[in-house]
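The values are calculated or read from the model by the stated rules, or taken from the named source; none is laboratory data. In this text the structure is predicted, and so the values were computed from the model without any measurement. Please note: Cβ atoms are built from the backbone with ideal geometry, for glycine as well, and neighbour counts cover all protein chains shown.
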Amino acid sequence: MGRKVILATCSLNQWALDFDGNLERILRSIEIAKSQGAKYRLGPELEIWPIMHHNVRYNCRVIFLNRKILLIRPKMLLANYGNNREFRWFSPWNKLRLDTVPFGDCVLSTKDTCIGSEICAELWNPRSPHVDMGLDGVEIFTNSSASYHELRKADHRVNLVKSATTKSGGIYMLANQKGCDGDRLYYDGCATVAINGDIVAQGRQFSLDDVEYEHKPCHRVKVDFSLSDCDDVYLPTHQPIEWQFHTPEEEISLGPACWLWDYLRRSGQAGFLLPLSGGVDSSSTACIVYSMCVLVCQAVRDGNSQVLEDVQRVVNDVSYTPRDPRELCGRIFTTCYMASENSSEGTRNRAKELASQVGSSHMNLNIDMAVKGMLGIFSMVTGKCPQFRANGGSTRENLALQNVQARIRMILAYLFAQLSQWAEGKPGGLLVLGSANVDESLTGYFTKYDCSSADINPIGGISKTDLRSFLQYCVEQFQLTALKSIMAAPPTAELEPLTDGQVSQTDESDMGMTYSELSVIGRLRKISKCGPYSMFCKLIHTWREALSPLQVAAKVKHFFQMYSVNRHKMTTVTPSYHAESYGPDDNRFDLRPFLYNTRWSWQFRAIDNQVGI
């Protein structure tokens, strides 16, 4: 026996029910591992399928050697928080540890070592199996994981991997799923190897590769079969590395971009259509598409044949090779500014300039004719003609007139997405992109079935404050200077009449609070699980330098009234990239009622008692 071994961990872009593709990616990763001299290959969680045992379905890892199954290891600690609903599909294994049967909580042990296994959430649990395994002599810990991306989550995952071997020593290998598995989540890879508390190998967090592999030679440790060779004296030993964390702005640029690419290539569509208003939100979506094109061009330059094949299929040209992101954007990305009589020249020009810089195929159109047609039908039936508030109309009239404009934009977006390729004599259709941010979803500050209604939304899980930081990053990273004027302009829906040609409506005045305040409130509601009273008790301390208790009480009440009145909108909201731990996604992450008692009588009375009202 030698003194060193080569271990392999990989991240695979597996796709639910794609059995042929999943098998091909697994076999390819095994071939790569063998070609690099590795004798142990670790893959991500559920890279194949679960297993039925005694009529019970378990989430399992299967460990085998040369076509012989050595162990079937069922998951013992299931994840049932955040986006995870494992108890819906699996049962946890809770029997005592066994050492003779191939199914159960076992470790692989021979005369020279022990290899232990964990599955995803077991690493995150306070009673992680690796603790007892380390005390029992296990020296190599392997974890097959399917951990989805959230902004600023990578450091938590890395710290858990490092801490697993800091106390008891040994090697910890983590393999993570990557890519869009067909829903709102993006799995961000990051295959990792740690030895004695030091990171020695790091896989990429965001990439377009379907198979990514990490291997690292290290000091000899005991394993179930002979991992080492007698002639390994010249193999280099491991050296600790500094983990390269992405900034939140880089994560926004890369994560949703990879998610969009997986969605586009697997949907069979010919590109994207985005209603581009010239504001921060739709501009952020445009920048993410541009970032996607940058990644695609870079992957092709790096020799990724799968990405080249996919992009040729998307553009319907087998001879095409993307080299410039702007040129690629022109082929697969259409933007559309939908003006009304309430739109300003400023937003029109900002949208046009950004579209020019990212290279999208840009259109300008006017919706006034359609708006007048809709209102004409209403007036003909009722004999009434609604007016904006600025023209003496009521709040109901004012809101209805805004909603008509917003919903017509949605209808036109889908019309152009379906037929613009046809009009140009090209095959296929376009995916409609939405641009509602997480704060607006939380308060319901959008029209149900407006341009927030789309096929997918890459920014629906990201706060306005993070989006503004992201745009500043794009100015520096991609030289998109048009974003400077977009960030300088006040956020506005432009659905009410202009005053002397200038915008009279702003988002923050409509909502009654700033986006930075909403970001704080959103975290307290979801992460800290605060209701009105407990949120008030926290905010009187957090905001004590800026607001009086009476002002804090007013903002908390106003928020919960908006939240409860508009919660029904979340039942139909566009599927969005999951990016924040305080997201209000009603599909599986934030399961709440959509019919609330909007008076909050007991809670608001408790707040009033505290402020002496």
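Within the stretch 441-453, is there a residue that is farther than 18 Å from THR492 by Cα, in the same structural domain as GLY279 (by TED's automatic domain parsing) and touching a strand residue (DSSP E or B) at 6+ places or on another chain (Cβ under 9 Å)?
Yes; the residues of the stretch 441-453 include at least one that is farther than 18 Å from THR492 by Cα, in the same structural domain as GLY279 (by TED's automatic domain parsing) and touching a strand residue (DSSP E or B) at 6+ places or on another chain (Cβ under 9 Å).
List pairs: first residue in the stretch 247-265 and on the phi > 0 side of the Ramachandran plot and not assigned by TED's automatic domain parsing to the domain that holds TYR577, second residue surrounded by fewer than 24 Cβ atoms within 10 Å (Cβ to Cβ) and hydroxyl-bearing (Ser, Thr, Tyr) anywhere in the structure, Cβ distance under 8 angstrom, at least six positions apart or on different chains.
Every condition considered, no pair remains.
Looking at the stretch 286-324, which of its residues are within 20 Å of GLY268 (Cβ to Cβ), under 26 Å from the mean Cα position of the chain (by Cα) and of a type in the set (Asp, Glu)?
Selection gives GLU309, ASP310.
Mind checking whether some residue in the stretch 200-221 is at pLDDT below 80, assigned to a loop (DSSP other than H, G, I, E, B) and over 30 Å from TYR577 (Cα atoms)?
For the stretch 200-221, residues at pLDDT below 80, assigned to a loop (DSSP other than H, G, I, E, B) and over 30 Å from TYR577 (Cα atoms): present.
I'm trying to understand the selection: among the residues of the stretch 263-279, which are within 21 Å of the chain's Cα centre (by Cα) and aliphatic (A, V, I, L, M)?
Once the filter is applied, which keeps residues that are within 21 Å of the chain's Cα centre (by Cα) and aliphatic (A, V, I, L, M), the stretch 263-279 yields LEU264, LEU273, LEU274.
Restricting to the stretch 289-301, and then to whatever is buried (at least 24 other Cβ atoms within 10 Å of the Cβ) and among the hydrophobic types (A, V, I, L, M, F, W, C), can you tell me which residue is farthest from ARG348 (Cα to Cα)?
VAL296
Select, from LEU151, LEU174, the only residue that is part of a loop (DSSP other than H, G, I, E, B) and hydrophobic (A, V, I, L, M, F, W, C).
The conditions single out LEU151.
Looking only at the stretch 298-313, which residues are free of Cβ contacts under 8 Å to residues at least 60 places away in the same chain and closer than 21 Å to GLY428 by Cβ?
Correct list: VAL300, LEU308, GLU309, ASP310, VAL311, GLN312, ARG313.
Just a yes or no: is a residue in the stretch 13-23 free of Cβ contacts under 8 Å to residues at least 40 places away in the same chain, surrounded by fewer than 16 Cβ atoms within 10 Å (Cβ to Cβ) and not in a helix (DSSP H, G or I)?
yes
Can you list the helices (runs of 4 or more DSSP H) lying wholly within the stretch 325-404 that have 3 or more residues being under 20 Å from ASP450 (Cα atoms), touching a residue at least 40 places away in the same chain (Cβ under 8 Å) and assigned by TED's automatic domain parsing to the domain that holds LEU433?
Helices (runs of 4 or more DSSP H) meeting the threshold: 345-358.
Criterion first (of a type in the set (D, E, K, R), touching a helix residue (DSSP H, G or I) at 6+ places or on another chain (Cβ under 8 Å) and either modelled with pLDDT of 90 or more or farther than 17 Å from ARG407 by Cβ (or both)) does LYS484 satisfy it?
Considered against the rule, which asks whether it is of a type in the set (D, E, K, R), touching a helix residue (DSSP H, G or I) at 6+ places or on another chain (Cβ under 8 Å) and either modelled with pLDDT of 90 or more or farther than 17 Å from ARG407 by Cβ (or both), LYS484 comes out as yes.
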